[in-house]
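Okay, so here's the structure we're looking at.
Taken together, the values in this text are just the output of simple stated rules run on the coordinates, not laboratory data. Everything numeric in this text was worked out from a predicted model, so none of it was measured. With ideal geometry, Cβ positions are generated from the backbone for all residues, glycine too; neighbour counts draw on all protein chains shown.
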Amino acid sequence: MSVADTPDLLEEARNGNNEACARILEENAGLIWGIVRRYYGRGVEPDDLYQLGCLGFLKAVRGFDPAFGCQFSTYAVPKIAGEIRRFLRDDGAVKVSRGIKERGGAIRQAREKLSAQLGREPTLSELAGETGLSPEDIATAEEANQPVASLQMETGDGLTLESLLGQESFEEDVLERETLRRAVSALPDRERQVVLLRYYRGFTQDRTARVMGVSQVQISRMERRAMERLRRALERE
């Protein structure tokens, strides 16, 4: 039985009824385990992952409002997955390598220093000169240290991956499995840099062009090619 079939039970759980919370968890164990299985093999016991999933589920119960205009499961899945990902990122076994983390820290310091000196966002070549890393290494380190991009995250000019990829409602189906991250990682270096700046950092095309040292027209072309590659990659999943 799903939450959609038991709106009264959901309401009781939202109001803090412990018995209702226990029952709604039991009735939606399948949903929670479905998310948990995506994170098997990460060095954390399945039962521990399930407990994290339950915590995320209960946070969704408390935060959900029918006025949101979506099904509860659509609201709950990112909460469940987010709780697990947060643990894995902060305390668990899925860790960015020490070297990548150190590079990320050096890049952040270099960006802050150059931004203060130049009065603008430094270009990738300027960051490379300051850190001694290649532009490709910088893009890789920043991508690894960024949270997964959201299909609904807006760039500086109001675009989203959801709209550009022609998707409308598979945030839980694709994004939460980190399919998008893998697809972005497989892009050619320059296209990956464009996507990183546009959809992980929220830059406009003009700002991305300044950082990469190319024209806005070139950024637009690279972005279109990247979107087509991502669309094909996601369709294959």
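The average projected area of segment 3-90, computed from the convex hull of its Cα atoms over all directions, is 5.5 nm². Ordering of 76-82, 10-16 by packing is 76-82, 10-16, highest average first (other Cβ atoms within 10 Å, averaged per residue). Spacing of the modelled spin labels on Arg232 and Gln218, each 7 Å from Cα toward Cβ, amounts to 2.3 nm.
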